[in-house]
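Okay, so here's the structure we're looking at.
Just so it is clear, none of the values below were taken in a lab; they were calculated from the coordinates. These numbers come from a predicted model, not from an experiment. When we count neighbours, we look across all protein chains shown, and the Cβ atoms used for this are built from the backbone with ideal geometry, even at glycine.
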Amino acid sequence: MQPMETEDMQDLRKLFRIICSIALGATVFVASAETSTLQAAYKEFFPIGAAIATEKNGFDSLTRYPPELLAEFSSLVAENCMKPGEIEPAEGKFAWTNPDRIVAYAKEHGMLMRGHTLVWHNQSAQWMFSATGSADEKRAKTRDRLKTYIGAVVGRYRNDVYCWDVVNEAVKDDWDAGKWPSIYRENSPWFAAYGNASYIQDAFDFAREASPDAKLFYNDYGLCGASKRARTIEMIKTLKLKDHGLTGVGIQGHWNLSWPPVSEIQVTIDAFAALGLEVQITELDIDCYGNTPSEKGIPYAQVEDALAKRYAEIFACFRKNSGKITGVTFWGVADDHTWLDHFWLGVWHEGRTRKNWPLLFAEDGSKKKAYRAVVDFKENR
Ligand code: G3I
């Protein structure tokens, strides 16, 4: 008969069993858990985010998408409800409900929260620019309102939002090059109310004051175009924005199947990193039509392979630059809700749809070929 094992021997055997099972179990569990989501596949590189819609009597991402789909992401941003005119539609009257919902969801699920956006020429409320009097009086009043508004919004989410798009799209586009003498979008109501671009410096100062540790970004589109990139770098240098708290640049990433070439994405990342700034991709989606003038929809099957190939090359570039890139956010979760269904050839078509397929998840939430192309990368084996 086997001698009764001493207690120590029994403990040793139990310990040995636990170590074995952990070693065995952990590998399997971790392995499958590790690579089973987008964010897990990119944990070593950068957070992966998604824009969340909370439309009034419209689309609501937090109720539409199952938790396991939202769990593919490690960061959230509001598609619309944290914009100036949405969050403070009237002076002193704040619409906190939906911003609070997204912030609470992120917190509850251990996700990061980006803030989009404090100062923009679009979706801002008229009361912010309604000051009258001399140019100096108008600027002073607008400045006071900007300070109070940013103090209230950034202050409220000081412990929740780790990164703000402080100013969005303040540099003029190539097609406006001859329209205004300066490098700025001079038809911005902020530029008009101030009479110059110093509102940009104020916005960063006020945001830094309200949230001393937050990352503060300038966010824009078309930055992979040489001249817009040059104007943006000139703005950062001329306004000495780093002295006002600027820590990074958001490359929106509203791209298509061929533009911009990966080489231009690399040049753009390097250009801003060379200024000692972080770079984030803040609104990524791939327009499957590009500049096709046709109003007629194209079937997804026609672009499935091209989209997967495009996302594969883009994310290979992002992984290569993971030291410079500190976050990649998709401008939506799945193809059932994307602004690109209503926006084509530079025009917003209210109430009309031309179905687009810009994201990694299909309309039913299933993983597209593009999803596999992004997560099944060699370094991940
Ligand atoms: O909420 C109202 C709804 O009550 C009304 O019934 C409906 C019809 O008029 O309009 C709804 O507002 C729409 C809002 O999205 C919410 O869906 C606005 O018309 C529409 O213009 C607005 O579009 C947003 C657009 O910014 C505004 O410029 C898009 O959803 C949003 O994806 C888009 O996001 C911008 C980024 O903030 C900055 N970079 C470019 C990006 C794409 O344009």
Distance-filtered residues of the range 221-242 - backbone nitrogen under 20 Å, label point 7 angstrom along E209 Cα→Cβ: 239-242
Between 0 and 90°, nearest 10: helix 262-273 axis offset from the chain longest Cα axis: 80
Added length on full extension, which subtracts the Cα-Cα distance from 0.36 nm per residue, A177 to E313: 45.8 nm
For the range 302-366, convex hull volume per residue from C-alpha positions, Å³: 119
Alpha carbon convex hull of the range 60-161, projected area averaged over orientations, nm²: 6.7
Efficiency of FRET between K242 and D144 - r from beta-carbon atoms, R0 25 angstrom, step 0.05: 0.50
Amide H contacts under 5 Å for E88, placed H, 5+ residues apart: A95
Selected from S211, S134, S61 as most flexible by GNM, with the chain as the system and alpha-carbon contacts under 10 Å: S134
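Just from its helices, what would the mean residue ellipticity at 222 nm be for the chain, if runs of 4 or more DSSP H residues each count -39500 (n - 2.57) and the sum is divided by every residue, rounded to the nearest 500 deg cm²/dmol?
-11500 deg cm²/dmol
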Cross-link partners of K237 among aspartates and glutamates (Cα-Cα below 17 Å; sequence separation of 8 or more within a chain): E169, D202, D205, D220, D270, E278
Loop-located GluC sites (Glu not before Pro) in the range 67-168, at most 16 other Cβ atoms within 10 Å (DSSP): E91
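If packing is taken as the mean number of other Cβ atoms within 10 Å per residue, what is the order of 262-269, 369-376, 246-253, highest first? Show your work: numbers first, answer last.
Details: 262-269: 16.8, 369-376: 19.2, 246-253: 24.6.
Highest mean packing first, the order is 246-253, 369-376, 262-269.
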Out-of-range pairs (alpha-carbon distance over 29 Å; input K83/K215; K93/K228; K93/K141; K179/K296; K43/K369; K179/K215): K93/K228; K179/K296; K179/K215
Square roots of five times the Cα gyration tensor eigenvalues for the range 119-233, Å: 23, 20, 10
Positive-pole candidate from A301, F191, M82, dipole of the chain, charges at beta carbon: F191
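Suppose a student asked you for the relative contact order of the chain, using Cα pairs under 8 Å spaced at least 6 residues apart; what percent would you report?
Working: 615 pairs, mean separation 56.6, N = 381.
Once divided by the residue count of the chain, the mean separation gives 15 percent.
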Cα→Cβ-extended label distance, 7 Å offset, between I298 and V267, nm: 2.5
Gaussian network model of the chain, springs between alpha carbon atoms under 10 Å - residue of T353, T292, T326 with greatest fluctuation: T292
Gyration tensor (Cα) of the chain, equivalent ellipsoid semi-axes in angstrom: 41, 26, 21
DSSP-loop GluC sites (Glu not before Pro) across the range 305-381, with at most 15 other Cβ within 10 angstrom: E350, E363
Karplus (6.51, -1.76, 1.60) ³J(HN,Hα), θ = phi - 60°, over the range 356-364, in Hz, Gly and Pro reported as x: 10, 10, x, 10, 8, 10, 6, 4, 8
